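Below is one structure, written out as structure tokens; comments come after it.
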Amino acid sequence: MRRYSAFAIAREAARHHLGWERAWRSPTPKAQYDVVIVGAGGHGLATAYYLGKNHGIRNVAVIEKGWLGGGNTGRNTTIIRSNYLQDPSAAIYEKARSLYETLSQDLNYNIMFSPRGVMMLAQTEHEIRGYRRTAHANALQGVATEFIGPAKVKELCPIINIKGPRYPVLGALWQARAGTARHDAVAWGYARACSDMGMDIIQQTEVTGVRREGGRVTGVETTKGFIGCSKLGIVVAGHSGVMAERAGFRLPIESVALQALVSEPIKPVMDVVVMANTVHGYMSQSDKGEMVIGGGADGYNNYTQRGSFHHVEETVRALVETFPIISRLKMLRWWGGIVDMTGDRSPIISKTPVDGIFVNCGWGTGGFKAIPGSGWAMAELMAKGHSPLAAEFGMDRFREGRFIDESVAAGVAH
Ligand SMILES: Cc1cc2nc3c(=O)[nH]c(=O)nc-3n(C[C@H](O)[C@H](O)[C@H](O)COP(=O)(O)OP(=O)(O)OC[C@H]3O[C@@H](n4cnc5c(N)ncnc54)[C@H](O)[C@@H]3O)c2cc1C
């Protein structure tokens, strides 16, 4: 694959852009692979990429029922941070955040990582205590965060209303090197790099069943026929429960729709990400100028993948209180994604009861930020049978009562 560079742009400009190669191939599936990954979202593609890059395993297929990046990876609000409370979470999210810092260079694809800073507002005494505690924990974990006062909040984000009608802003947990990235580009960059290593990304193909012999996986049934494999990675987010059933085991996971919306584009008004957990909403501004607004998750399990009016109303009400400047903006569009929620709000990166099958799911409302770290850990687990980063995230923890409680860090969600 030819490298993208300033010279490549100049060369192609000189010949009317006729020489660009396709970013990834669309191959016919082979009969057998060493590894099949189900799901070409960010986590599935990153797993394939690090299998090739870190472990030299390149006879890999990534099978996607729709188009790559068309699941939650292309539907999220792109917040990247690592200010989690528990040690295993801080380790994997900080690994991911640090990989994001150089991912554009690593993939030779501009993923538009923007470490503009993320603040989580403290609007009650309880939240102040909680975030101070997280800042102390982060200091011990080597994650750079600090608790800042209301004056600093106003300085970093002048459009914020410090004296809100219901809840004043009392401070915030601030992570200066947190931020956002272009979600599609993350999927596209990994896909291009995987294809370049000779891996097959097979789109528009649903995995409908899993074949096993003597307790071991032998391949998958798909809408394009049987595909054999020695190892299988299930990385399908909101459809994890469905895929686990097809593979013959159960997962402690629920699927719900989570939604988001964007406003019409306006001139730059804020250059940080603000999350307001108490009033429940968060906002950042995209490079196009739209205000990107995250809403809540449905209170019941479903696979609807769309928005609903009452969430928009609740979210916008909360944010108008926090940012009165947005009260006259028009909503441009809104959408939903199916997120995979565990009881402790932490992911599962695990072996399963079936030999050769591994699962990566449970990222719920906040897995975009984890994509590089999760792929790194899942690839290591699949290649070597053990990964220090994934060690605490086994599915057995729910049976054994070893929860990694991140319900506070998950907060308003992301
Ligand atoms: C509205 C919203 C806002 C969010 N905001 C943030 C945020 O700001 N920050 C953050 O960190 N996270 C956020 N998230 C969460 C984040 O988007 C997800 O955790 C992450 O994208 C999950 O990636 P994935 O690769 O696991 O799943 P996905 O991207 O959903 O990929 C899974 C893929 O599997 C495919 N698939 C399913 N079943 C099959 C099958 N049987 N055969 C073949 N393919 C199959 C699907 O089509 C899909 O493409 C948000 C999510 C939503 C919905």
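The values are calculated or read from the model by the stated rules, or taken from the named source; none is laboratory data. These numbers come from a predicted model, not from an experiment. Every residue, glycine among them, receives a Cβ derived from its backbone with ideal geometry; neighbour counts consider all protein chains shown.
If you take the residues in the stretch 244-262 that are surrounded by 22 or more Cβ atoms within 10 Å (Cβ to Cβ) and more than 19 Å from the chain's Cα centre (by Cα), which one is farthest from residue 295 (Cα to Cα)?
Among residues in the stretch 244-262 that are surrounded by 22 or more Cβ atoms within 10 Å (Cβ to Cβ) and more than 19 Å from the chain's Cα centre (by Cα), the one farthest from residue 295 (Cα to Cα) is 247.
Please determine whether any residue of the stretch 386-402 is of a type outside the set (S, T, N, Q), within 12 Å of the ligand (Cβ to nearest atom) and modelled with pLDDT of 95 or more.
no
Restricting to the stretch 287-320, what's the tally of residues that are closer than 15 Å to residue 77 by Cβ, in a loop (DSSP other than H, G, I, E, B) and free of Cβ contacts under 8 Å to residues at least 60 places away in the same chain?
Adding up the residues that qualify gives 3.
Looking at residue 333 and the list (1) among the charged types (D, E, K, R); (2) in the same structural domain as residue 271 (by TED's automatic domain parsing); (3) outside any strand (DSSP E or B), which single condition is not satisfied?
(3)
Could you please find all residues in the stretch 199-231 being under 18 Å from residue 39 (Cβ atoms) and not in a strand (DSSP E or B)?
Listed by number, the residues that qualify are 199, 203, 204, 205, 206, 223, 224.
Given (1) under 29 Å from residue 171 (Cα atoms); (2) modelled with pLDDT under 95; (3) more than 14 Å from the ligand (Cβ to nearest atom); (4) of a type in the set (Ser, Thr, Tyr), identify the lone condition not met by residue 315.
All conditions pass for residue 315, except number (3).
Quick check on the stretch 42-60: of everything there that is more than 22 Å from residue 183 (Cβ to Cβ) and β-branched (Val, Ile, Thr), which residue is farthest from the chain's Cα centre (by Cα)?
57
Working carefully through the options 133, 97, 129, 177, find the one that is buried (at least 18 other Cβ atoms within 10 Å of the Cβ) and either of a type in the set (Asp, Glu) or assigned to a helix (DSSP H, G or I) (or both).
97
Select from the stretch 203-220 the residues that are touching a Pro at 6+ places or on another chain (Cβ under 9 Å) and within 14 Å of the ligand (Cβ to nearest atom) and list them in ascending order.
Within the stretch 203-220, just 205 meets the criteria.
What's the number of the only condition in (1) buried (at least 22 other Cβ atoms within 10 Å of the Cβ); (2) assigned to a strand (DSSP E or B) that residue 147 fails to meet?
Answer for residue 147: the failing condition is (1).
Every residue in the stretch 324-342 that is closer than 17 Å to residue 290 by Cβ and of a type outside the set (Val, Ile, Thr), please. First the steps, then the outcome.
The first filter runs over the stretch 324-342 and keeps only residues closer than 17 Å to residue 290 by Cβ, leaving 325-335.
Within the stretch 324-342, 327, 328, 329, 330, 331, 332, 333, 334, 335 meet the criteria.
What pairs come up if the first residue lies in the stretch 58-80 and is more than 7 Å from the ligand (Cβ to nearest atom), the second is modelled with pLDDT of 95 or more and of a type in the set (Lys, Arg), and their beta carbons are under 9 Å apart, counting only those six or more places apart or on different chains?
Short answer, once both residue conditions are applied: 59/30; 61/30.
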